[in-house]
Every structure is written in C-alpha cells, then in structure tokens.
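The values are calculated or read from the model by the stated rules, or taken from the named source; none is laboratory data. Predicted model, so just to flag it, every value in this text is computed and none were measured. A quick note on method: Cβ atoms are made from the backbone with ideal geometry, for glycine too, and the neighbour counts reach across all protein chains shown. These accessible areas exclude ligands, DNA and RNA; they are computed on the full protein's heavy atoms, side chains included. Shrake-Rupley method; radii C 1.70, N 1.55, O 1.52, S 1.80 Å.
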Amino acid sequence: MGKQIKKFKINIESDKYMKKNLVVGAGFSGAVIANLIADKLNEKVLIIDKKNHIAGNCYDYRDKNGIMIHQYGSHIFHTDNQKVWEFITQFTDFNNYEHKVLGMIDGIETHIPFNINTLYDVFPREKANRLEKKLITLYGSEVKIPILEFLKQDDEELKELANYVYEKIFLYYTTKQWGVAPSSVDGAVTARVPVYISKDNRYFQDKYQGIPTNGYTEVVKKLLNHPNIEIRLNTDYKNLTENYNRVFYTGAIDEFFNYELGQLPYRSVYFEFEEHDKEFYQNNSVVNYPCSENYTRIHEYKYYLNDKSKNTVIAKEYSENFELGKNERYYPIPKDENKELYEKYLEKAKDLKNVYFFGRLGDYKYYDMDKAIARSIEVFESLDKEGDF
Ligand code: FAD
Ligand code: UDP
C-alpha cells in the first residue's frame with residue numbers, strides 16, 4: 001500500500017507554525033517547485049533525494065582534469081519557451097554552445113539529423129544533387145519530416161533514399177536504444193530526430209540553447225539555496241515517517257503505490273567512462289553509431305564548456321531494460337498500454353489529498369529539461385495556495 005498522507009497538526013500558538021512541504025526528488029522538477037514554494041509562498045520545504053547528490057539526471061561535476069562531466073549523459077539545454085528561459089536565467093548564465101551531432105555511417109562521419117549536407121557526404125555529388133532537388137520540390141526547404149512519414153514515398157529514387165536513411169540511421173540505433181524496431185516505438189520518439197530538408201547541422205533549432213556556464217549542479221544548488229529549504233540526501237521517501245501538508249513527488253508513481261497495479265516499464269542506460277591521454281578523442285561532443293557497435297553514442301565532455309586539458313574523458317552509452325533493484329529508470333516508454341497503466345495509478349492518486357505527481361518519473365513522460373521545468377511551474381501555479389490545507 002502507498003503511504004496515506006495524514007494532515008500535520010497545526011498549532012497556531014506555536015512559533016514553529018509553518019506549512020510543511022515535502023519534495024521528493026532533487027532533480028530539476030523537484031528543485032524548481034521547492035524554490036517557488038520557499039520563495040514565493042515563504043513556506044518551509046524539505047527536499048529529499050535517495051541519491052547522494054542533487055540535480056538528478058542532470059548532475060555534473062568537474063573531474064581531476066578540470067573537465068565538467070555529465071554523469072548521466074550529455075545534457076544540452078534548449079527551449080522555445082520564453083517563460084522557462086526567463087525563469088532559469090535567474091539562476092545561471094548560459095554559454096552560446098549550439099549542439100551538433102555527428103554519426104558514423106559505414107565509416108563516413110556525417111551529420112545527424114540526416115540533412116542536405118548528409119546527403120552530399122554519403123552519395124556521389126550528382127546523385128545527391130538530383131535527390132536534393134526532388135526533396136525540395138516535394139517538401140520545400142527547412143522542413144522536418146519524421147522518418148516513419150518519410151518512408152511513404154511514391155518516387156522510386158526517394159523511396160530508395162528513405163529506406164537507406166531508415167536502415168542506416170534509425171533501425172539499429174533504435175533497436176539498441178529501445179530494444180525494438182522503430183515501428184514499435186511511439187512515432188514521437190523517432191520524430192525527435194527528423195529528416196531535415198536543410199543545411200542547418202544543429203540538433204535543435206530552439207531560440208534559446210546552451211550549457212550553464214558553471215554546470216547544471218550549480219543551477220540546482222542555487223535553486224535550493226534558500227533559508228526555507230532543507231536538503232536531505234541519501235534519503236528514500238519510503239523511510240520517512242513524518243507527515244507533511246503537501247507532498248510533491250517526482251519519483252516513479254508505481255513505486256509510490258508499491259507496484260499494486262504492476263510495474264511501469266522503463267529503459268535504462270549505463271555509461272562506460274574512459275580517460276584518454278590526448279587532447280581530443282573525437283571530432284565532436286557526441287558521435288552516434290547508428291549502424292555499428294553495441295553502444296549508441298560516445299560523449300566527449302570537454303566540448304561543452306570548452307574545458308582545456310591535455311587529457312580527455314569520454315563515455316560510451318549503452319541501453320538496457322530497467323530492472324527493479326538492478327539499474328535506474330531513465331526513459332519512460334511511450335506506449336498506449338503503459339499510458340493506460342499510468343492513468344490507473346493517477347486515478348488512485350486522486351484519493352490522496354495534497355499529493356502531486358510530476359517530473360519525468362511522476363508524469364511518466366519523456367520530458368526534456370525545459371519541459372520538466374515548465375511542468376513544475378505549472379504545478380506551482382495550479383496550487384490552491386490558501387485553501388488546500
Ligand atoms: P530526475 O532528474 O530523474 O530526478 C528525479 C529524482 O528523484 C532523482 O534524483 C531520484 O533519485 C529521485 N527519487 C526518485 N524516487 C525517490 C524516492 N523514493 N525517494 C527519494 N528520491 C527519489 N534533457 C534536455 O533538455 N537536454 C538533453 O540533452 C538531455 N539529455 C538527456 C540524456 C539522457 C541520457 C537522459 C536520461 C535524459 C536527458 N534529458 C535531457 C532529460 C533530463 O534528464 C530530464 O528532463 C530531467 O532530468 C528531468 O528532471 P526530473 O527532476 O523530472 O527527473
Ligand atoms: N535515433 C536514431 N538514430 C540516431 C539518433 C536518434 O534512431 O542516430 C532515434 C532513436 O529512436 C532515439 C530517438 O531517435 O531514441 C530520439 O533521439 P534523441 O537523440 O532525441 O534521444 P535522447 O537524446 O533523448 O536519448
């Protein structure tokens with residue numbers, strides 16, 4: 001059974017009188033709501049995390065070489081959301097890094113997403129030229145097409161191209177990443193990396209993008225640096241015994257309810273770190289391996305903040321299924337049956353007063369950082385600030 005949230009007895013006489021808020025999870029989702037409650041409502045917040053650090057999956061640190069390492073894989077901030085940008089820039093500056101991804105296709109290092117420049121890298125000039133013209137006639141310029149859509153071609157030569165892109169870029173990578181072929185993964189997932197009829201090699205076209213100049217952990221530290229906020233690390237919600245007026249839960253909703261209705265599936269990832277005795281290991285921060293190797297991509301961290309050192313640190317990223325007790329949850333798996341199970345948990349959650357579920361795990365949604373921040377702000381704004389006790 002999940003915990004029943006009992007109301008905290010309020011003694012108006014006591015000078016300790018203060019509404020008590022518990023935030024479970026010190027990733028971006030938890031840190032943003034903790035900050036808003038502490039600052040805008042002037043209420044006490046206890047924020048806990050079962051990990052030994054704040055910042056959740058965005059955690060980074062400087063290693064002995066002075067390189068900022070993203071422990072759980074490269075994190076690039078990008079958003080078109082003005083409100084999120086204005087909020088987060090109160091806590092950090094960003095550099096002007098614009099993310100590009102290279103991919104190794106049959107020994108050729110080229111641009112991902114597949115774009116017009118990729119076309120010229122992988123095909124002879126004449127053929128690339130012909131295909132470019134056909135693509136622009138069909139779609140126009142600066143257009144993004146999800147691969148599952150792109151496969152539906154009438155023209156024989158474009159069909160051949162679409163099959164090539166599918167096989168060389170999506171089929172094996174997606175099978176490594178998700179354990180199934182692209183057709184069995186929600187279309188929105190592969191649509192994150194479309195076929196792009198453009199010569200723009202950037203991975204994201206958002207108005208705002210960059211890396212926080214002192215790293216993500218510093219941003220979260222600043223969010224939590226408030227006299228009303230207490231942080232407790234190495235603390236699992238299931239071991240807490242106190243009661244709180246409000247609980248903001250950014251952990252996994254099925255875990256909260258002790259898996260009563262079954263487990264929500266996730267994909268997990270793990271990283272093999274290597275230090276190399278040379279200035280650079282590869283030509284870019286991220287190189288994908290869409291049609292070879294067992295890992296999906298290699299991250300080289302010094303590129304993000306332009307860290308200078310004679311050595312370099314890389315991480316090879318591998319994917320596997322999440323297994324309770326064995327590894328961590330990283331990616332919710334967008335699928336109808338999983339959504340249905342999630343919604344059943346959400347129904348149960350309605351019986352609890354003043355418990356809010358959100359974040360990548362609480363909402364069971366494949367959020368980027370900006371979406372997680374936007375969602376926390378939304379939860380804060382939807383609170384009935386006076387009447388919900
Ligand atoms: P999390 O960061 O997962 O935080 C949840 C926290 O809750 C964790 O610290 C966990 O330990 C804690 N917790 C869970 N259960 C309990 C419990 N019972 N008791 C106590 N604590 C608990 N986004 C981008 O915008 N750009 C990127 O480039 C990008 N790259 C990514 C790469 C990878 C490999 C992954 C996995 C994600 C990436 N993301 C990226 C997404 C980004 O990591 C998330 O949007 C963000 O971390 C969501 O924050 P969150 O607080 O919801 O979740
Ligand atoms: N993808 C792919 N080949 C690539 C890059 C991405 O097949 O070279 C697919 C894959 O299914 C992946 C999805 O597109 O999970 C989204 O990629 P993205 O880089 O956005 O994933 P994330 O950084 O969130 O892991």
Kindly indicate whether any position in region 311-328 is assigned to a loop (DSSP other than H, G, I, E, B), among the acidic types (Asp, Glu), modelled with pLDDT of 95 or more and away from ligand 1 (no atom under 14 Å from the Cβ).
yes
Unique residue being touching a residue at least 12 places away in the same chain (Cβ under 8 Å) and either over 16 Å from Tyr249 (Cα atoms) or within 14 Å of ligand 2 (Cβ to nearest atom) (or both) when the list is Tyr356, Tyr330, Tyr364, Tyr342
Tyr330
One residue from Val122, Val101 being at pLDDT 95 or above, among the β-branched types (Val, Ile, Thr), open to solvent by less than 40 Å² (accessible area, probe 1.4 Å) and more than 30 Å from Thr213 (Cβ to Cβ)
Val122
Suppose we filter Lys6, Lys40, Lys50, Lys64 for residues that are modelled with pLDDT under 95 and open to solvent by 40 Å² or more (accessible area, probe 1.4 Å); which single one remains?
Lys6
Select from region 76-94 the residues that are over 28 Å from Gly140 (Cβ atoms) and open to solvent by 40 Å² or more (accessible area, probe 1.4 Å) and list them in ascending order.
Lys83, Trp85, Glu86, Thr89, Gln90, Asp93
Please work out if Phe322 is more than 16 Å from ligand 2 (Cβ to nearest atom) and touching a strand residue (DSSP E or B) at 6+ places or on another chain (Cβ under 8 Å).
no
Kindly state which strands (runs of 3 or more DSSP E) lie completely within region 42-120 and contain at least 1 residues that are on the phi < 0 side of the Ramachandran plot, within 16 Å of ligand 1 (Cβ to nearest atom) and of a type in the set (A, V, I, L, M).
44-48, 68-70, 101-105, 108-112
Tell me, yes or no, whether region 41-64 has at least one residue that is among the aliphatic types (A, V, I, L, M) and within 24 Å of Asp307 (Cβ to Cβ).
yes
When every residue in region 40-89 that is away from ligand 2 (no atom under 16 Å from the Cβ) and small (Gly, Ala, Ser) is compared, the one nearest to Tyr331 (Cα to Cα) is Ala55
